[in-house]
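For reference, the structure discussed in these notes is given below.
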Amino acid sequence: MKTARNPEDLLRNWDFEVNNIPPEESILPHRFELQALRLLAIGAPVNAEMLAAKLGIPSNLTQLVFDASRRKGEWDREGRLIGSALSLIPTQHRYKVMDKDLFAWCAHDTLLLPGLLGMTAKVVSPDPLNGELVQLVITPTGPE
C-alpha cells in the first residue's frame, strides 16, 4: 500500500488497491468514522481489532489509521479510541443512549449524533446564556 499522509488517504488507498474503488469514490473513511461512533455508543473504548472486524478490513490498516489520527480524537493509554464527538470522558453535555451514560464534545454534537447513529438519545446540556440545564430527547429524525 502506498504511504499516505492522512487517515482518509490510508483508507481510500486501501479501498482502491483491494476493491478497485477509485479514491474519489471511496466511502470507506466515512464508514470508518461512523462505525467508530457506533462502537463508542456501546460505552466502551474502541480498539483497532474491534473496528476492523466490523468493517471487514485488516486490523493493521485500522491501527495505521488510529496512529495517524492521534491529534483528532481522545485516546486511552492502551491506544484505544475513547472520544470523537461522542466521548467516554465526562463533559458538560451528557448524552444517554441505549441506557449508557456518555458525553458529547459540544451541544451541537448532541443534536447531530442521533441522526448519524440512528439511535434515540436523552440529552442534558447547559444553556450557554444562563447555565440552566436543558433536557430533551432527540430521535434520529429530530427532537421530541
Do we have any residue at all in segment 61-70 that's within 27 Å of PRO114 (Cα to Cα), touching a helix residue (DSSP H, G or I) at 6+ places or on another chain (Cβ under 9 Å), among the basic types (Lys, Arg) and outside the structural domain of TRP105 (by TED's automatic domain parsing)?
-> no
Considering (1) more than 19 Å from ALA36 (Cβ to Cβ); (2) touching a Ser or Thr at 6+ places or on another chain (Cβ under 8 Å), say which one GLY142 fails and leave the rest.
-> (2)
Can you name the residue in segment 61-80 that is at pLDDT 90 or above and touching a Ser or Thr at 6+ places or on another chain (Cβ under 8 Å) and is also farthest from GLU17 (Cα to Cα) among such residues?
-> GLU74
When you look at SER125, is it farther than 21 Å from GLU33 by Cα, of a type in the set (S, T, N, Q) and out of contact with any Phe, Trp or Tyr (no Cβ under 6 Å at 6 or more places or on another chain), yes or no?
-> yes
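Matching residues to (1) of a type outside the set (Gly, Ala, Ser); (2) within 17 Å of GLN35 (Cα to Cα):
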position	(1), (2)
LEU81	yes, yes
SER84	no, yes
PRO90	yes, no
TYR95	yes, no
ASP99	yes, no
ASP109	yes, yes
LEU113	yes, yes
GLY118	no, yes
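The values are calculated or read from the model by the stated rules, or taken from the named source; none is laboratory data. What you are looking at is a predicted structure, and each value in this text was computed from that prediction instead of being measured. Glycine also receives a Cβ, built like all others from the backbone with ideal geometry; neighbour counts cover every protein chain displayed.
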